[in-house]
């Protein structure tokens with residue numbers, strides 16, 4: 001994602017290894033998945049960015065993945081499985097029975113110049129640095145009260161250079177008492193309405209330390 005950061009290199013890995021699982025970039029929406037069955041956490045509003053956000057523990061049955069440096073804890077749905085990632089980071093995916101990516105979750109310790117104040121522009125400025133283009137911002141918010149810390153988030157989409165697929169993500173920079181971390185919750189853009197509820201749950205339940 002951002003050159004020089006571990007989570008940037010992970011984004012490159014994601015583009016090359018995971019996002020190209022579906023050559024057409026289309027999410028498989030048939031079949032059962034907790035991601036599809038999870039109800040929206042809160043009511044929505046078109047007036048307030050991230051109106052659905054409400055920090056809360058993960059639903060019963062979800063699993064947790066701790067960052068190696070102790071800066072954060074990522075919660076993942078029952079049907080998610082650990083995915084390949086850079087040292088120090090944690091990643092999980094939900095993959096269909098035919099090998100298509102449904103959702104992607106990642107947390108990585110801060111290693112760059114990102115901050116709560118600059119995250120909105122920082123994220124979009126660097127989406128085009130490697131392996132993606134045509135970034136589009138839908139909304140952004142700062143000063144969000146995460147579990148154990150404060151965060152800034154942006155909801156955006158982009159097109160991968162590999163496969164020319166469009167994906168949408170919620171990308172957050174969260175700061176706790178020990179330091180900062182980056183949270184990514186992504187899915188193919190065409191299936192975003194179906195999987196947004198579970199991705200929002202993952203954001204709500206993220207815990208900084």
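Within the stretch 134-152, being over 15 Å from residue 121 (Cβ atoms), surrounded by fewer than 16 Cβ atoms within 10 Å (Cβ to Cβ) and either modelled with pLDDT under 95 or touching a helix residue (DSSP H, G or I) at 6+ places or on another chain (Cβ under 9 Å) (or both) holds for one residue alone: 134. Being more than 15 Å from the chain's Cα centre (by Cα) and either over 18 Å from residue 120 (Cβ atoms) or in a strand (DSSP E or B) (or both) holds for only one residue in 190, 169, 200, and it is 190. Taken over the stretch 59-98, the criterion of being buried (at least 19 other Cβ atoms within 10 Å of the Cβ) and in a strand (DSSP E or B) is satisfied by 65, 72, 73, 74, 75, 76, 90, 91, 92, 93, 94, 95. Does residue 202 count as crowded, with 22+ Cβ neighbours inside 10 Å and in contact (Cβ under 8 Å) with a residue 60 or more places away in the chain? Yes; evaluated as a whole, the condition is true for this residue.
In the set (1) in a strand (DSSP E or B); (2) modelled with pLDDT under 95; (3) surrounded by fewer than 19 Cβ atoms within 10 Å (Cβ to Cβ), residue 158 fails one condition alone, (3). Quick one: would you say residue 138 is more than 14 Å from the chain's Cα centre (by Cα) and in a helix (DSSP H, G or I)? Taking the combined requirement at face value, the residue does not satisfy it.
Being under 16 Å from the mean Cα position of the chain (by Cα), in a loop (DSSP other than H, G, I, E, B) and surrounded by 18 or more Cβ atoms within 10 Å (Cβ to Cβ): is that true of residue 107 here? Outline the logic, then answer.
Details: under 16 Å from the mean Cα position of the chain (by Cα): yes; in a loop (DSSP other than H, G, I, E, B): no; surrounded by 18 or more Cβ atoms within 10 Å (Cβ to Cβ): yes.
In short, no.
The values are calculated or read from the model by the stated rules, or taken from the named source; none is laboratory data. As the structure is a prediction and not an experimental result, all values here were calculated from the model. So basically every Cβ, Gly included, is an ideal-geometry build from the backbone, and we count neighbours across all protein chains shown.
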